[in-house]
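What follows is a set of notes on a single structure, which appears directly below.
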Amino acid sequence: MIIAVVSTIAQFFVSVNYNMVDYLPDDAQSTRAIQIMDEEFTGAVPNTRVMIKDVTLQEALVFKEQLAAIDGVTDVIWLDHVIDVKQPLEMADEKIVEDYYKNGDALFSFSVRSGDEVKITDAIYELIGKEDALAGEALDTATSQKMAGQESFYAAALLVPIIILILILSTTSWIEPLFFLTAIGVSVLINLGTNIFIGEVSFVTQSVAPILQLAVSLDYAIFLLHSFSEYRKKTNNPEEAMQLAMKKLFPAIAASAATTFFGFTALMLMSFEIGADLGLNLVKGILLSFISVMVFLPALTLCFYKWMDKTEHKDFVPSFKGFGAKVFKLRIPSLLIVFAILVPSFLAQSHTTFTYGLGDQPETTRAGSDFLVIEEAFGETTPIVLLVPKGDLVKEMELVQELEEIDHVTSVISYVNMVGTVIPTEYLDESVTEEFFSENYSRIIIYTNAAKEGDVPFAIVEAVQETAAYYYGNEALSLGESVTLYDIKNTTARDNVVVNILTVVAIAIVLLITFKSITIPVVLLTTIQAAVWINLSVPYFTDTSLVFVGYLIISTVQLAATVDYAILFTEAYKENRKEMTAVEAIKKTLDEKTFSISISAAILSSIGFILWITSSNPIVSSIGLLLGRGALLAFVMVVCFLPALLWIMDKWISKTTYKANFYKGK
């Protein structure tokens with residue numbers, strides 16, 4: 001309890017990182033470009049836009065100065081960067097003018113200092129008022145930061161009563177659910193507090209890890225206290241009952257924790273380090289939950305078990321006797337249905353369309369409605385910054401001319417087309433040259449009329465990189481939101497194969513050791529992996545995009561979290577099979593274990609759906625939806641498909657399991 005109190009205080013000193021760029025590997029192209037940009041230039045990539053309505057050119061120029069005066073706002077770009085606004089606009093290229101000034105509305109692009117997005121965007125809103133619009137990456141980050149705490153509160157407010165209700169239904173004591181929640185809650189608080197030694201965590205970890213830890217490890221506490229209650233019926237000594245419960249449950253809880261532990265460990269091997277960040281927290285969380293259940297919960301229970309006796313209530317759940325016989329009748333249809341949809345599901349989940357960023361804010365928010373206002377007036381705009389070696393202005397001019405010809409490029413801002421190649425740089429004021437040149441690099445800003453991500457934006461990134469590479473080889477570097485998302489796409493595509501294979505292999509090894517069987521791991525992994533594939537195929541069949549980070553994480557998390565259901569069922573089946581036939585063992589196991597599995601699935605599913613409902617962050621929301629749906633699918637598969645598979649494979653299991661000792665009678 002002392003450690004938990006200290007950790008509760010410590011968690012407030014752990015910073016949360018909302019910048020996905022920081023989690024790209026060091027060798028990613030955009031990571032290297034950002035490092036050089038920070039070292040060589042004072043400015044950054046324009047990541048925010050403001051639209052001011054009904055202004056004259058002079059008023060727009062005054063506003064530009066006011067915007068640039070806000071601390072943290074740099075590199076404000078407007079029409080005066082690309083043409084001489086002292087000349088009549090009718091003489092300028094209409095297309096260029098309308099990118100910045102259209103129907104009396106002015107559109108400004110600028111960069112916002114990383115880390116201070118909330119404070120700076122609030123200052124911009126104060127400047128522009130309610131009539132004008134603000135949009136961009138910095139605002140998305142600021143909105144996510146503001147919503148994170150509020151949404152966590154909403155999620156907890158919905159979640160805790162639902163979990164308590166589920167636990168009350170599953171126990172015979174009003175106070176017992178508080179024992180479960182206290183034991184796991186303490187480990188969650190310690191996990192959050194010990195992040196102070198890491199320094200910072202990603203926004204995904206902060207939003208998802210505590211709830212996932214609670215959902216995945218609550219089973220351990222439920223199993224232990226249920227066993228304790230059973231042994232109290234056999235002995236009057238509570239300490240002896242707890243010792244017996246711990247001795248009996250230790251292997252099962254250790255096996256469940258180990259499969260989850262090693263499954264989450266695979267996330268730590270992701271190159272895209274948001275996965276590694278989440279994986280480390282979940283691994284730490286599972287370990288702390290296991291220790292809490294095996295050390296803290298027994299002590300807590302023995303101190304207050306009399307409260308459990310005083311608050312007993314009748315069993316609210318009807319008997320499941322006969323349920324197994326009904327389900328067993330469906331064994332053939334269950335097998336046929338699953339095997340019929342398995343291949344289509346596998347193929348569909350590998351052809352899902354993905355998004356890689358935070359996406360657009362909901363239309364109901366100010367950020368979402370402002371984005372639509374700007375898009376309707378000026379269309380989409382995504383800048384790309386190109387860094388090329390400084391020195392050869394003729395080569396740079398040729399590059400700029402080619403860049404201007406690329407589809408969807410609306411304008412290019414560089415020294416050679418803004419100032420020219422004739423005037424030597426040493427004759428110009430430093431305020432002019434520092435915008436375009438550093439000691440070693442020239443900076444070129446390319447404006448496109450495409451979105452941040454998708455086939456077209458990524459094709460533009462490829463075209464820009466290929467054109468620059470033709471002139472400068474590997475020395476040319478690009479950066480910007482679309483470039484970052486392009487790099488995330490390439491990085492996570494590699495991670496997908498590695499993480500999924502390692503997860504399956506790690507869990508298979510744990511199952512092999514736990515059951516001392518070659519066949520059982522195959523049966524269990526087939527059951528849960530089928531649920532994963534069906535879950536991940538839904539977006540393809542419903543023609544919706546899926547956030548790739550959510551997809552990548554859930555393919556590991558669902559397998560690691562729900563394989564416990566299959567372990568619990570198969571452990572009981574193995575024990576029953578020593579005393580009866582396969583059919584009788586399956587029926588008895590279904591009667592005895594369906595309720596326990598349904599409680600675990602209900603809690604995990606509730607947590608997932610509440611995350612989905614309450615979070616405006618697309619990554620967190622998608623993880624929630626996939627987790628909620630995945631837990632339900634895993635439950636159905638374990639209750640309907642796994643018994644049928646065990647029945648078919650019974651003889652093989654008997655032959656390939658060490659000391660199976662299955663009942664031989666008829």
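Summary table
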| quantity | calculated |
| --- | --- |
| Matching residues in region 386-396 - criterion: being crowded, with 16+ Cβ neighbours inside 10 Å and either among the acidic types (Asp, Glu) or without any contact (Cβ under 8 Å) to a residue 60 or more places away in the chain (or both) | Lys390, Leu393, Glu396 |
| Positions within region 108-135 being assigned to a helix (DSSP H, G or I), in contact with a strand residue (DSSP E or B) (Cβ under 7 Å, 6 or more places away or on another chain) and either assigned by TED's automatic domain parsing to the domain that holds Met147 or among the β-branched types (Val, Ile, Thr) (or both), in sequence order | Ile120, Thr121, Ile124, Ile128 |
| Among residues of region 143-170, those that are touching a residue at least 40 places away in the same chain (Cβ under 8 Å) and either touching an Asp or Glu at 6+ places or on another chain (Cβ under 7 Å) or not aromatic (Phe, Trp, Tyr) (or both), counted | 17 |
| Residue under evaluation Ser227, criteria (1) within 27 Å of Ser537 (Cα to Cα); (2) surrounded by fewer than 22 Cβ atoms within 10 Å (Cβ to Cβ), criterion not met | (1) |
| Residue among Ile9, Ile3 that alone is outside the structural domain of Ser369 (by TED's automatic domain parsing) and either assigned to a strand (DSSP E or B) or exposed (fewer than 14 other Cβ atoms within 10 Å of the Cβ) (or both) | Ile9 |
| Answer residue from region 320-336, given it is in contact (Cβ under 8 Å) with a residue 60 or more places away in the chain and assigned to a loop (DSSP other than H, G, I, E, B) and is farthest from Ile2 (Cα to Cα) among those | Leu330 |
| Any pair with Cβ under 8 angstrom, 6 or more apart, that starts in region 642-653 at a residue that is among the aromatic types (Phe, Trp, Tyr) and ends at one that is assigned to a helix (DSSP H, G or I) | Trp647/Phe328; Trp647/Arg331; Trp647/Ala582; Trp647/Val583; Trp647/Ile586; Trp652/Thr519 |
| Residue ranges of helices (runs of 4 or more DSSP H) in region 28-107 with at least 1 members within 30 Å of Thr491 (Cα to Cα) | 29-40 |
| So Ile619, is it of a type outside the set (Ser, Thr, Tyr), under 20 Å from Ile507 (Cβ atoms), surrounded by 24 or more Cβ atoms within 10 Å (Cβ to Cβ) and touching a Ser or Thr at 6+ places or on another chain (Cβ under 9 Å) | no |
| Selection from region 207-228 of residues that are at pLDDT 85 or above and not hydrophobic (A, V, I, L, M, F, W, C) | Pro210, Gln213 |
| Hits in region 54-97 - residues which are free of Cβ contacts under 8 Å to residues at least 60 places away in the same chain and within 20 Å of Asn449 (Cα to Cα) | Val76, Trp78, Leu79, Asp80, Ile83, Ala92, Asp93, Glu94, Val97 |
| Subset tally (residues that are under 19 Å from Thr48 (Cα atoms), modelled with pLDDT of 80 or more and aliphatic (A, V, I, L, M)) for region 74-95 | 3 |
| Region 190-205, residues that are part of a helix (DSSP H, G or I), at pLDDT 85 or above and surrounded by 21 or more Cβ atoms within 10 Å (Cβ to Cβ) | Ile190, Asn191, Leu192, Gly193, Asn195, Thr205 |
| Failed criterion for Thr544 (all others in (1) over 27 Å from Lys664 (Cβ atoms); (2) part of a helix (DSSP H, G or I) hold) | (2) |
| All positions within region 124-168 that are more than 30 Å from Asp54 (Cβ to Cβ) and of a type in the set (Val, Ile, Thr) | Val160, Ile162, Ile163, Ile164, Ile166, Ile168 |
| Test: residue in region 304-318 that is free of Cβ contacts under 8 Å to residues at least 12 places away in the same chain and part of a loop (DSSP other than H, G, I, E, B) | yes |
| Positions within region 378-421 being aliphatic (A, V, I, L, M) and closer than 24 Å to Leu485 by Cβ, in sequence order | Ile384, Val385, Leu386, Leu387, Val388, Leu399, Leu403, Ile406, Val409, Val412, Ile413 |
| Positions within region 580-598 being in contact with a Leu (Cβ under 9 Å, 6 or more places away or on another chain) and either surrounded by 21 or more Cβ atoms within 10 Å (Cβ to Cβ) or of a type in the set (Asp, Glu) (or both), in sequence order | Ala582, Ala585, Ile586, Thr589, Lys593, Ile597 |
| Hey, Pro161 out of contact with any helix residue (DSSP H, G or I) (no Cβ under 9 Å at 6 or more places or on another chain) and closer than 30 Å to Lys310 by Cα or not | yes |
| Index of the failed condition, Ala245 passing every other in (1) surrounded by 20 or more Cβ atoms within 10 Å (Cβ to Cβ); (2) within 35 Å of the chain's Cα centre (by Cα); (3) more than 19 Å from Ile528 (Cα to Cα); (4) hydrophobic (A, V, I, L, M, F, W, C) | (2) |
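Condition check ((1) within 30 Å of Val16 (Cα to Cα); (2) at pLDDT 80 or above; (3) surrounded by 16 or more Cβ atoms within 10 Å (Cβ to Cβ); (4) not assigned by TED's automatic domain parsing to the domain that holds Tyr220) across all residues:
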{"position": "Ala148", "(1), (2), (3), (4)": "yes, no, yes, no"}
{"position": "Ser152", "(1), (2), (3), (4)": "yes, no, yes, no"}
{"position": "Ala155", "(1), (2), (3), (4)": "yes, no, yes, no"}
{"position": "Val160", "(1), (2), (3), (4)": "yes, yes, no, no"}
{"position": "Ile164", "(1), (2), (3), (4)": "yes, yes, no, no"}
{"position": "Thr171", "(1), (2), (3), (4)": "no, no, yes, no"}
{"position": "Leu181", "(1), (2), (3), (4)": "yes, yes, yes, no"}
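The values are calculated or read from the model by the stated rules, or taken from the named source; none is laboratory data. This structure is a prediction, so every number in the text was calculated from the model and none was measured. Positions of Cβ are generated from backbone atoms using ideal geometry, with glycine treated the same way; all protein chains shown enter the neighbour counts.
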